[in-house]
Amino acid sequence: MVASFFKITYGDCAYWDRAYWDWGPPVKGTWVKRAVVAAVFGVAVVASAPAAAASAGLAARPATAAGERVVLVGIPGLMWSDVTPADTPNLWRLAGDSALGSLSVRAVRKDTCPYDAWLTVSAGVRSAVGGACGMAPTPKADGEGAVVPEFSWLWEVREQREAGTLGQALHAAGRTTMAVGPGAALALADREGRVDAYAPSPAEVTQWSRGDVVAVEIPDLVAPYVSGDRLSDVPERLSADARRAAARAADAKLGSFLPRLGSATVLVAGLSDHGSVPHLRTAMLHGPGSGLGGGLGSGPARTLGARSTHRDDMIILPDLTATILARTGVAAPPAVVGVPVETHATGGNLDERVAALRTADVAGQTIRDTTGVFFTTLAVLQVVFYVTAFLLLRRRDGLPAVRAAAVALASIPVSTYLVNLTPWARAAQPAVTLFASIAAIAAALTLAALAGPWRRSVLGPLTVIAAVTAAVLLGDLLTGTPLQLNSLMGYTGVVGARYYGLGNIPFALLATAVLLVTTAAADRLVRAGRKAVAVALVAALGAFAMLLDGWPGVGSDFGGVIAFVPGIAVTALIVAGRRVSIVKLGAFCAAGGVLVMAIAYLDYLRPPASQTHLGRFVGQVADGTFLPVISRKLGAMLSTLLSPNLMPVVIAAFAFLVFALLRPGAASAGVLPIAFERAPMLRAGLLGALVSGLVGMLVNDSGAAVLSMALALAVPLVLSAGIRALQHGEQVPAAGSPGLPPSPAAA
């Protein structure tokens, strides 16, 4: 169920697919075209200056020295939980003098075998050999070097057209390559499958200085998990003692040659998964200039990150390719989508740093394992709530309880982000602590919404929950999205579908929350006779949130902009008292598409290494390779329509909403009409949120996840406002009047 949920939520990971990440040739255009683009969207750029500054800050990186000698040590399957002073003393000592980070090894499959991992390093883009997947093929000796057999088969049959990119670039620049082990040979092979020097194992290497770039494979940790040519299909095949023994063997091999590497830059990477369950793997960088006993610049404690993830402590496999090229002074070919890794000063001793990296894997694993359960539970709660509310509201019974339950349900989404302010992943039982903490935060928010000084207002609790949701997500965007990472309604590096920016579910929540908050404020302004100010407020706040959502390096959300624009426009039109037609709605959707392509084009004008996936998509459009991406996203969106976790929420919420509007007396004792009469602008916010949710469902590969979360937040909050108006007895039709059931007393 968990695996199917992630496929439904994030599609087939087309976001990271090879075609999606290929870079096309520069768009042919004159300075006039660029001037027009700059003029049309100059206001948007100025308005989003804070976001641009954040993006620019993330793009900055220190220059690396050219012509370094680089050694990549691949230990497939290595996790930070394997690295201890007792079992792996060589790795532990190296870690003490290295920049440390997590490696997300996601290639194309949900789990990455050694063959796919080494092939990804070779190609510089996520790759998969297809079919059986285990260890890399054994190369054939050719003088001092070796040749990977039938290397052309990879691009001729398996369509891995970028295989050999790293080795070819190194050879074209006059650099020599040395591989130790079959996987290392695959990584450094040029387009003919050749490496300059080769040895089957570290023990057979007599001279470690034979290559400008050296790759070493230490397979001890992953070999027990490979049967024939297939990676194990169970999470963990070895006992704890057997795994520690494998880690000790790998560490001993590393220790046998580590002192002989001199002043080379050393990259140690966990490279691949070891079973059916993906994990974050070990990543280390030891810099040149001080041997293996020196520091890495400004201090001994540093983290290892990259702009590909926008994380200071996480990198992806293609970053290894880019780093090797950058460190050796070789320009990266356009096919390479990774970026050179960066180091960042940090605090804490080695034990604390390693513990934090282990916790990151625990957090990712917990989220991956519990997401399906969470969304199933949420769907059940939503359906039970609507059925119960329908029965109780018809009798006008239990109104306070229904209102409290509505506010509590609406508090759950933002609680899944706020919980990351607590150390739940360090608990003995992280899953239990996670759910208990979410429940406690949701209860606190519900209490604050229902017991604060705003409790007497019809829109008070609605405004509180919507404002908290919007503020948390906007604040998260402006601070690098620490709350969405490893959250139940966000994403995780273990799955590798997204590492930064605004995910599809957070987009639905942000758009809904912003539109509800702005219309709550607009309602007061309209009542005060300031309709023009109300319209301007909706447009301004909506546009600000939308630009943060779509700005490269901040939200980096392509489909969200397309969906947000019509939601804002519909809301503003209704607040202004204007009619919304199908033609206008289509025009708003088109405007959203034009705006996001303009933002993407501005991103495309930046240097390739600074571009996000928005700019790269423009390259896809330019070279005509974008259709497969659109096709895969459409297929992923359609598959969500059968989701057992998402569609019940959509069906139940829509059924209740439609019935409550068409038959207000029978469905909800007239609660929704009363809410709209008491707060007329609330209808604008609800309809705008529904428009964004519907359009978002159609243009995002998450599909039904977008609409279901928009409904899950908006409908309970609007219902709670109506119940408050009913409790006040304001503008309530008399019991027994058409459309309303008789009161209990009359009965």
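The values are calculated or read from the model by the stated rules, or taken from the named source; none is laboratory data. What you see is a predicted model; the values in this text were computed from it and never measured. For the accessible areas, the whole protein counts, side chains as well, though only heavy atoms, and no ligand, DNA or RNA atoms are used. Shrake-Rupley method; radii C 1.70, N 1.55, O 1.52, S 1.80 Å.
Within the straight-line cut-off of under 16 Å between alpha carbons, the aspartates and glutamates reachable from K110 are D12, D17, D233, E236, D273, D361, D369, sequence neighbours fewer than 8 places apart in one chain being disregarded. By definition, a body whose alpha carbon gyration tensor gives a ≥ b ≥ c is prolate when a/c is 1.5 or more and a/b is larger than b/c, and region 514-563 fits this prolate description. Bridging of K140 to aspartates and glutamates at a Cα separation below 19 Å is possible for E150, D190, E192, D196, E204, E217, D229, once same-chain residues fewer than 8 apart are set aside.
Which of rounded, prolate or oblate describes region 64-214 when judged by the alpha-carbon gyration tensor and an a/c cut-off of 1.5? Numbers along the way, then the final one.
Details: a/c = 1.66, a/b = 1.21, b/c = 1.37.
Judged from the Cα gyration tensor, region 64-214 comes out oblate (a/c at least 1.5, b/c at or above a/b).
How large, in percent, is the carbon and sulfur part of the accessible surface of region 441-484 at a probe radius of 1.4 Å?
76
Under 5 Å between amide hydrogens, built in the peptide plane, is the criterion, and for S308 it picks out V339 among residues at least 5 positions away or on other chains. Beta bridges per DSSP, both residues in region 175-231: antiparallel share near 20 percent.
Below 8 Å between Cα atoms, with a sequence gap of 6+, how large is the relative contact order for region 487-606 in percent? Mind showing how you got there, number by number?
On the way: 134 pairs, mean separation 28.4, N = 120.
That works out to 24 percent.
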